[in-house]
1. Need one word for region 61-128: rounded, prolate or oblate. Basis is the Cα gyration tensor (sqrt eigenvalues a ≥ b ≥ c); a/c below 1.5 gives rounded, then a/b vs b/c decides.
2. Run through region 59-128 and list the chymotrypsin sites (Phe, Trp or Tyr not before Pro) located in a DSSP loop whose Cβ has at most 16 other Cβ atoms within 10 Å.
3. Given the options H101, Y75, A111, identify the residue whose Cα lies farthest towards the positive end of the charge dipole of region 69-128 (+1 on Cβ of Lys, Arg; -1 on Cβ of Asp, Glu).
4. About its Cα centre, how strong a charge dipole does region 56-128 have in debye, to the nearest 20, once Lys and Arg get +1 and Asp and Glu get -1 at the Cβ?
Amino acid sequence: MSLAPQHRTINMSGWARHNLWPLPSGEVAVRPGLRRTHAADLTGTSVPGGCFSVRTDTDDEVYHYRVYESSGTVYVDRIDESYATQTLITWGTVTPEIVTHAVVGDQIMIAAPGLPTLWGYVGGDLYE
């Protein structure tokens, strides 16, 4: 029995490539984190409160949600895979210390202490 490392080639051509990014060398790597990518897009008065990604079961699309505070108001944005951003709701005026979310089927809930719980369909509008 040899203790030498064994390397195997895995064919990933048929795998879904959500959240993957092509490197200049042609290799595929995990896409940079949404918080790091979009924190630079926010103005100096904006503070990112939370970012997370959700895949829909119905059409296999991935949506990224960003919660941030700007000038005393908390906003929730939805960003699609091509990074087109849409502000979904003005959430309140309390800066969130933590943002949580849950997905059941095609529905999403977003919550933070001191703010009303949001509900909606993944990829759709959010409601208080």
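Laboratory data are not the source of any read-out in this text; all were calculated from the coordinates shown. Keep in mind that what you see is a predicted model, and the values were worked out from it rather than measured. Please note: Cβ atoms are built from the backbone with ideal geometry, for glycine as well, and neighbour counts cover all protein chains shown.
1. Oblate.
2. When the chymotrypsin sites (Phe, Trp or Tyr not before Pro) of region 59-128 are filtered for loop state and at most 16 Cβ neighbours within 10 Å, Y83 remain.
3. Going by the Cα projections, it comes out as A111.
4. Around 360 debye, computed over region 56-128.
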